[in-house]
Amino acid sequence: MQTEGAVAITAKRLTLALCAAGVVGGAVGAIAVNHNNATAAAEAAAAANVPAPASVPAPVAATPAPVAGNATAVGLPDFTKIVSHNGPAVVNIRVVGSAKAQQRQMPQFDEDDPFFEFFRRFQQPQQPRGGNGGRGEVVYGAGSGFIVSPDGVILTNAHVVRDADEVTVKLQDRREYRAKVLGSDTKTDVAVLKIDAKNLPVVPLGNTRNLQVGEWVLAIGSPFGLESTVTAGVVSAKGRSLPGDSVPFIQTDVAVNPGNSGGPLFNTRGEVVGINSQIYSQTGGYQGLSFAIPIDAAIRIKDQIVATGKVQHAQLGVGLQDIGQDFADSFKLDTPDGALVSNVQRGSAADKAGLKSGDVIRKVNGQPIVASGDLSALVAVAKPGERVVLDVWRDGHIVQVNATLGSANDKPDASARNALASADSGAKLGLALRPLDPMEKRQSGIPSGLLIEDAGGAAQMAGVQPGDVLLAVNGKQVSSVAQVRDVVGKSSKSVALLIQRGDDRIFIPVRIG
């Protein structure tokens, strides 16, 4: 009985295994089984000199069965050549740093924020040495990278080598080199390393312009320290704007994990189209969404670092808001797409180009802007001095605005800042104010008020935000900076600000004593 039971269990397991296999190749298996049964029946009938039974049909030549394992027949890519040819140019990166420097692994979100678990940089978990609470102790990290120049220039993520005291690069042939960090850019999460070597294998670089959603892509890296690991998937989306970032990410479903950071993302032609940088995860491991930095943006950063050792980002100089259906209806837009200009920084590229509050930017150089993050991402990867053509919705029709981008390192015009800040001179509210222009009054329906272009100090702590409209101070309507200064100057401990925010009017108390 025990033997029969064992046989029964084995048969059951075999049945389950066959069912699992059938999920992948059920159609092929069914055809193969039918073909085998028909052949056996025909042979048996011939031996008995009787016709084959009609219930077992012979295979039909007009509808051939697909060939199992034939990638071309089912349209699946063969990545073996890409791996064998480009794998040697993918490297493993080990870093040594301090525990204190490695504590900033994630953007700071409240635990109740839906994005609290969103952005985990998938660097190898750090392991502090000793038992002194990790303070100042040596820790180790790991990531991936790829060689872009035969003389040892390597691309990786900035967060992989952030605050590292020592960086070691290990090639696929087991050779190891001490690497120098030529430079890194935290805004785009790109870093450039250099090792002292020559005649190294390099990866071919592609571009993201021709990359299509649904296209197969391949990642090579060192997840969890497992070197030269290959995973594949498809492009889920392009130009993905993420909270807290200014990069138009490539979204994929390629399995990436801690240690894949900085590794290359290949297309089916064997060209690098991105640098694996982030994942969506609620556990710290892969959950189906990964994000890569477009190689076009990464190369721009690399070229600046190699040439000058630093990176300059462009700046338009506008405050932006997303367009909802209510805004679309108000501005008579056919779709709720675009970036609404809430304010324009004086002396900025936008100001010089003639952009105004209330403009809706629909395209940049012909590329559609769906959300405000799309515009921010495009500007962030551009260079200062680049000229851009903006399609702007203004007064019910499209106008084209030409702008020459400024530098993000440029400071606002001092005279303009001093004029704006004069409203809180002596009272230290921390507000930069200006009167609403006629278009803003017409579009907002607010007959009189002051636009808050910047908020700091006491006002910021109280909850006042740039883009708010100041209507009254201590119950007295204000329409000029002088009126605000006069009312605030007569107050000793606090003032009550009446603020228009969207469709809401709220009073915000600000302590000035």
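The values are calculated or read from the model by the stated rules, or taken from the named source; none is laboratory data. Bear in mind the structure is a predicted one, so any value in this text is a computation, not a measurement. Please note: Cβ atoms are built from the backbone with ideal geometry, for glycine as well, and neighbour counts cover all protein chains shown. To get the accessible areas, we keep the full protein, side chains included, count just its heavy atoms, and leave off ligands, DNA and RNA. Shrake-Rupley method; radii C 1.70, N 1.55, O 1.52, S 1.80 Å.
For segment 348-387: of the residues being of a type in the set (D, E) and modelled with pLDDT of 90 or more, which is surrounded by the fewest Cβ atoms within 10 Å (Cβ to Cβ)?
E386
Scanning segment 278-294 for residues that are farther than 15 Å from T231 by Cα and crowded, with 22+ Cβ neighbours inside 10 Å, which turns out modelled with the lowest pLDDT? Top of the filtered list is Q278. A158 falls short on exactly one of the conditions (1) crowded, with 20+ Cβ neighbours inside 10 Å; (2) farther than 27 Å from N409 by Cα, and that condition is (2).
When the test is whether a residue is small (G, A, S) and under 20 Å from D437 (Cβ atoms), G489 does not pass it.
Residues in segment 161-184 that are open to solvent by less than 70 Å² (accessible area, probe 1.4 Å), charged (D, E, K, R) and under 18 Å from I220 (Cα atoms): K170 only. Just so you know, in segment 397-420 the residues that are modelled with pLDDT under 80 and surrounded by 13 or more Cβ atoms within 10 Å (Cβ to Cβ) include one that is farthest from the chain's Cα centre (by Cα), and it is A419.
When restricted to residues that are under 23 Å from P201 (Cβ atoms), open to solvent by 10 Å² or more (accessible area, probe 1.4 Å) and assigned to a loop (DSSP other than H, G, I, E, B), segment 231-277 contains 3. Output yes when any residue across segment 458-472 is surrounded by 13 or more Cβ atoms within 10 Å (Cβ to Cβ) and at pLDDT below 80, and no when none is. No, segment 458-472 has no match at all. Somewhere in segment 295-303, is a residue crowded, with 19+ Cβ neighbours inside 10 Å and farther than 30 Å from G347 by Cα? Yes, segment 295-303 contains at least one residue that is crowded, with 19+ Cβ neighbours inside 10 Å and farther than 30 Å from G347 by Cα.
Within the option set S479, S491, being among the polar types (S, T, N, Q) and touching a residue at least 60 places away in the same chain (Cβ under 8 Å) holds for one residue only, S491.
Okay, residues lined up against (1) among the hydrophobic types (A, V, I, L, M, F, W, C); (2) closer than 28 Å to V311 by Cα:
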position	(1), (2)
E137	no, no
G145	no, yes
V169	yes, yes
E176	no, no
D185	no, yes
Q212	no, no
V230	yes, no
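Here T308 fulfils each of the conditions (1) free of Cβ contacts under 8 Å to residues at least 12 places away in the same chain; (2) touching a strand residue (DSSP E or B) at 6+ places or on another chain (Cβ under 8 Å) apart from (2). On inspection, I301 does not qualify as modelled with pLDDT of 90 or more and not in a helix (DSSP H, G or I).
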